1. What value does region 502-590 have for Rg/Rh, both radii from Cα atoms and Rh as Kirkwood defines it?
2. To one decimal place, what Kirkwood hydrodynamic radius in Å is obtained for region 371-502 from all pairs of distinct Cα atoms?
3. Test of understanding: what is the full-extension gain from residue 316 to residue 392, defined as 0.36 nm times their sequence separation minus their Cα-Cα distance?
4. Could you pull out every residue, at least 5 positions away or on a different chain, whose amide H is within less than 5 Å of the one on residue 491? Hs are placed 1.01 Å off N in the peptide plane, and Pro or chain starts have none.
5. Please tell me the relative contact order of region 364-435 in percent, rounded to the nearest whole number, where contacts are Cα pairs under 8 Å and at least six residues apart.
6. For region 510-590, with the dipole built from +1 on Lys and Arg beta-carbon atoms and -1 on Asp and Glu ones, taken about the Cα centre, which of 570, 558, 581 lies farthest toward the positive end?
7. Would you pull out the residues with amide H under 5 Å of residue 78's amide H, same chain only if 5 or more places away, H placed 1.01 Å from N?
8. Give me the dipole magnitude in Debye, nearest 20, for the chain about the Cα centre, with unit charges on the beta carbon: positive for Lys and Arg, negative for Asp and Glu.
Amino acid sequence: MSTVESREVRPARERWEVALPDGRVVPWTGFHVGPAGIAPRELAHICRRLLGLGPAEAEAAARAELSPAGAARDRPGIVAYSPPMAKRMFEGALESLAAGEPAEDWPTILEARSVCLAHTGDLLIGRTAPWKEAAAGRPVVVVPDHDHFHLSHALLRLADGPADRWSRVLGPAIDRLRADPACVVRVYALDEPMRILLLWLKRVAGIDRLLVEANAPEITEQWGHKAVLHPAARAAHDLSVPPGRDPFDVLDAETELTPLYRVFGLAVPRLPGYTVVWDGEPADAAADGGIRTTPGDVRVPGAPGDGQLGNGRAHRAEDSFAAQLMLAAQLLRGRHGLRLGCLKPVRGGTGQRIHVGVPLDDPDVLAALARQAARSGEDYLLEAHADYLRHAVTGHEFLLAPSVHVRAGALADGMALQFLNGTMWEGNVFLDESTHAAFGITRSHYTRVRHAMADFVRLFQGRGLINGGVDFAIARVGGRYDDTPLVAMQDLNLSACGADYLHAFLAESRTELGALAGTGTGISAATKVIRPASDMDLPRLRRLVDHRTPTSYARALTSVPGNWGLIAVACPDAVRAAEEVLALEARLTA
């Protein structure tokens, strides 16, 4: 159970407050939506009221009645982007607020930027002011609920209310499905709340099957995370490794213990690393000092519930977690000769909660990190610290951490090299056969990344893989691998992702610069996350950014004032595209 599903919040006049387990009550600030959520038991009741089915039956019904489908540009669809539960975006926001740091308003960011992926005539569903600005002039459904963090929760609350209200708000979406049963609904991820909502919409509309532009749930939930790339620390420990064995042979032998190999026989390129499994329930960690949130009033420290650890279950889970982390560090040191590691949550998104440069021979540091990570009640990965190869352009030094993507169920062209701020994704530049060398990526490395991704896509084609991306590393790890650069998959993000906007903008740019494209000159593009000022709404940002010349095209894609924005530039040269988008960002923030 994610803590986002059972949070402890209360409205305080016209603002929200959230209770932390240490007794502090922090204001919920910097968001266009509130922190309210639907607890699992309540979600089950809503499911039964709307569908007449329990959660397990609804999951089976979704497999039969919701069909993953690629984009259908020949007919208008419906767009409704909500933060996926698996990405734990609420937990990340709450951790930032607890630390006194600003938090990303991901519900608003996802809604606002989803407009960039809409096709002509798509019906857009959302609720926030930045979304309304982005959707101006398009057909929309405005959801009146701003209290819930997840748009899917807000829509379920609406569906579970009076029929005259939901029919008035959602009438255009229901009418569209009735008029065109082949209409595709585009969502960020098909998680449990979204599945229940779409099953209800399908039944209200009276259609047999609903086409959904999203991966099948088992793709995202079972295979769309880092743990599938690595063996569990305990399983790897049981592997017999003779002294002096070649490190690459050791890496190959450990690869055969990964979930991808054990289930499908797929050996992917990977860095040395091990999964550290949380053996308890998420509630165990929450009760022992993590972020615990339950519906209702703010919890008072020492209130009933704090003594639920009498059986010691949570402490046993924490002890097991710490022991596994120590074991993973021992294996990285002993088998691979490594000194530094990288600790990251298996299901974390957007580069949050990652600890780099972890000293593998310092038990005190490892113990402290184990205590901190265990509070989340989730699995973690201890991986070799990657010293990425680097390439500089004017204004930025790129780490060679490319990503390759799936669009409409097929392998997308080229690759995207990421703009990174520490571990945080901040945009992409598009590279292909003719441009990768300009960023220091050798033909051998480019080919290996593309071939590894092609094997992965072939494996999951026909199993419900529609979109997503895989992040790779081209990096040295040292130890027994000396200075040899390794090419490795690092993260599976099998849902909608940031590079979708690069690919969509690239397609738009090829149309806008059509005369240039017709000459045989390639078009490249770059997107860049910016931090817009508090008064920088999308119309103002577009006045400053949007321009078109015979050889260049720039556009502001998203603005959530004071929080997050996305700009893009396209031109014939990839290096020029990267440099121009960086220069544009510098002018905007000067």
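1. Result for region 502-590 is an Rg/Rh of 0.99.
2. 15.8 Å
3. Going from the current span to full extension adds 22.6 nm.
4. Distant-sequence amide H within range of residue 491: 471.
5. Contact order relative to length: 17 percent.
6. Going by the Cα projections, it comes out as 558.
7. Those qualifying (amide H under 5 Å, at least 5 residues apart or on another chain) are 123, 184, 185, 186.
8. The dipole of the chain has a size of about 1060 debye.
The values are calculated or read from the model by the stated rules, or taken from the named source; none is laboratory data. In this text the structure is predicted, and so the values were computed from the model without any measurement. Neighbour counts are summed over all protein chains in view; Cβ atoms, including those assigned to glycine, are modelled from backbone coordinates with ideal geometry. SASA here: full protein model, heavy atoms, side chains in, ligands and nucleic acids out. Shrake-Rupley method; radii C 1.70, N 1.55, O 1.52, S 1.80 Å.
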